[in-house]
Amino acid sequence: MGYATLNLENPVFRQFIGYAALVLVKTCLMSSITAYYRITRKAFINEEDTASFGKKLQVVLNNPQVERVRRCHLNDLENVIPFVLLGLLYVATGPNQAAASLHFRIFTISRYIHTFVYLLVVPQPARALAFAAGLFVNISMVYSILSQASF
Amino acid sequence: MGYATLNLENPVFRQFIGYAALVLVKTCLMSSITAYYRITRKAFINEEDTASFGKKLQVVLNNPQVERVRRCHLNDLENVIPFVLLGLLYVATGPNQAAASLHFRIFTISRYIHTFVYLLVVPQPARALAFAAGLFVNISMVYSILSQASF
Amino acid sequence: MGYATLNLENPVFRQFIGYAALVLVKTCLMSSITAYYRITRKAFINEEDTASFGKKLQVVLNNPQVERVRRCHLNDLENVIPFVLLGLLYVATGPNQAAASLHFRIFTISRYIHTFVYLLVVPQPARALAFAAGLFVNISMVYSILSQASF
């Protein structure tokens, strides 16, 4: 038998690309939510943006709703991007398919929950738990990767 | 015939690595532009940085030119990094080469335009259009990936 | 002979996944350091977080220690993520193993130094040098990638 490869012949890779796409598209769409709140709250941060809405608006640096979406987006960058990178390397280590599925599913579900909880201001510890589940998946994949690496 | 592989034998991969390197190096160099403005505007955010310029400067949190570069850099992280990750998975799905080239070229050109427009304060909707073109490429690649994934 | 592949059969890839995991796990753990300072300094940024600590605290936007950790974390996102992406493509270009090891080791060591220097407020130019070493590795890998790419 050979080594696990990063192509569609490998059923773990075929699963991974689906979950990776689901969390990445969510991350990309956070920009649209930010834009929605900037426009409806008239909270633009660049002068050229205020100018394009007809009347002369002030630049707004700290609309609470906009800042909340931006924190959620940054949290995605801090967690989703490492997940996709670690996930790719983890797939290459040839994990058991059931274990790999579990990692990908827990991460994807926890990050969607994290976003809803963050944007809808659900009381803690909802957000902390969703965050911790994602972090746990990433750390677990790091462990698998390091056990196969050479230095 | 076999599956599309992530190595140089695959002409789509060979193209992808070039465009990915071009947008990633632009993202990395944004740090240098930030440093240039911090030094020329004497707008340092860490005390240890102000100390290294001889006279005791104040920490400056909100120089408008520095903040503009930093917003542009963050926007790159939010869009360029997902592009490279999605692009890698998209290449593995074995896309038509002409379609793939088009995706990579539109994204690369739109992000370079986005940076120039942002830093030179070109009036809207220039920045919004450049941003939308990049987002559209990413969403299109998500669609291709999901159509080949298993869950 | 064939092309360099992204699987464990390739010794350069086997090294790469180890260094990539080391720098990614460091980046992921920055969140925990931020959380530690937010809790010990009672500097929460979300209302739902202040509420979960019993007494009604004010939201704190600018605790200096928390903001320092967050800048360090963002700097990781700006440099570590491009390193892992560029590193993956660089491995696919089939670099000399000794040269590749040197790239991965310099980057990994420089980023760990960067974090300690940033968090412990070591005087400049320590942080600038650690940052520059990492950027240099990334630019060098971009050069190798572009020399093998087709457009």
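The values are calculated or read from the model by the stated rules, or taken from the named source; none is laboratory data. Here the structure is a predicted model, which means the values were calculated and not measured. Every residue, glycine as well, gets a Cβ built from its backbone with ideal geometry; the counts of neighbours run over all protein chains shown.
Of everything listed in (1) farther than 30 Å from B:Leu22 by Cβ; (2) more than 7 Å from every other protein chain (Cβ to nearest Cβ); (3) part of a helix (DSSP H, G or I), the single unmet condition for C:Asp49 is (2).
As a summary of the residue check, C:Phe104 satisfies the conditions (1) outside any helix (DSSP H, G or I); (2) at the interface with chain A (Cβ under 10 Å from one of its Cβ atoms); (3) surrounded by 20 or more Cβ atoms within 10 Å (Cβ to Cβ) except for the one numbered (1). Can you confirm whether B:Val66 is at pLDDT 95 or above and surrounded by 15 or more Cβ atoms within 10 Å (Cβ to Cβ)? When the stated conditions are applied, B:Val66 does not pass them.
Remark: B:Leu88 falls outside the filter, which requires a residue to be away from chain C (no Cβ under 12 Å), in contact with a Phe, Trp or Tyr (Cβ under 8 Å, 6 or more places away or on another chain), hydrophobic (A, V, I, L, M, F, W, C) and surrounded by 15 or more Cβ atoms within 10 Å (Cβ to Cβ). Number of residues in the stretch B:107-121 that are within 9 Å of another protein chain (Cβ to nearest Cβ) and in contact with a Cys (Cβ under 8 Å, 6 or more places away or on another chain): the value is 1. What about A:Ala35, is it in contact (Cβ under 8 Å) with a residue 40 or more places away in the chain and of a type in the set (A, V, I, L, M, F, W, C)? Taking the combined requirement at face value, the residue does not satisfy it.
If the condition is being facing chain C (nearest Cβ under 9 Å) and either within 15 Å of the chain's Cα centre (by Cα) or over 17 Å from C:Phe151 (Cα atoms) (or both), then the stretch B:1-25 contributes B:Thr5, B:Phe16, B:Ile17, B:Gly18, B:Tyr19, B:Ala20, B:Ala21, B:Leu22, B:Leu24, B:Val25.
Here C:Asp76 meets each of (1) farther than 24 Å from A:His73 by Cβ; (2) modelled with pLDDT under 95 with one exception, condition (1).
Scanning the stretch A:91-100 for residues being assigned to a helix (DSSP H, G or I), crowded, with 16+ Cβ neighbours inside 10 Å and in contact with a helix residue (DSSP H, G or I) (Cβ under 6 Å, 6 or more places away or on another chain) gives a total of 2.
If you go through the stretch A:1-25 and keep only what is in a helix (DSSP H, G or I), surrounded by fewer than 16 Cβ atoms within 10 Å (Cβ to Cβ) and charged (D, E, K, R), you end up with nothing. Residues of the stretch B:26-47 that are over 30 Å from B:Val84 (Cβ atoms) and either within 20 Å of the chain's Cα centre (by Cα) or surrounded by fewer than 18 Cβ atoms within 10 Å (Cβ to Cβ) (or both): B:Thr40, B:Arg41, B:Lys42, B:Glu47. In this structure, is C:Val66 in contact with a helix residue (DSSP H, G or I) (Cβ under 8 Å, 6 or more places away or on another chain), more than 30 Å from B:Glu9 (Cβ to Cβ) and at the interface with chain A (Cβ under 10 Å from one of its Cβ atoms)? Answer is no for this residue.
Filtering the stretch C:96-151 to residues that are within 18 Å of B:Asp49 (Cβ to Cβ), over 14 Å from the mean Cα position of the chain (by Cα) and of a type in the set (Gly, Ala, Ser) leaves C:Ala126, C:Ala128. Would you be able to tell me the number of residues in the stretch B:26-46 that are of a type in the set (A, V, I, L, M), more than 11 Å from chain C (Cβ to nearest Cβ) and not in a helix (DSSP H, G or I)? Selection size over the stretch B:26-46: 1. Residues of the stretch B:67-87 that are within 12 Å of the chain's Cα centre (by Cα), under 18 Å from B:Leu22 (Cβ atoms) and not charged (D, E, K, R): B:Cys72, B:His73, B:Asn75, B:Leu77, B:Asn79, B:Val80, B:Ile81, B:Pro82, B:Phe83, B:Val84, B:Leu85. Would you check if B:Gln124 is out of contact with any Leu (no Cβ under 7 Å at 6 or more places or on another chain), within 14 Å of chain A (Cβ to nearest Cβ) and either part of a loop (DSSP other than H, G, I, E, B) or farther than 20 Å from A:Met30 by Cβ (or both)? Considered against the rule, which asks whether it is out of contact with any Leu (no Cβ under 7 Å at 6 or more places or on another chain), within 14 Å of chain A (Cβ to nearest Cβ) and either part of a loop (DSSP other than H, G, I, E, B) or farther than 20 Å from A:Met30 by Cβ (or both), B:Gln124 comes out as yes.
The residues on offer are A:Leu22, A:Leu57, and the sole one that is in contact with a helix residue (DSSP H, G or I) (Cβ under 7 Å, 6 or more places away or on another chain), touching a residue at least 24 places away in the same chain (Cβ under 8 Å) and of a type outside the set (Ser, Thr, Tyr) is A:Leu22.
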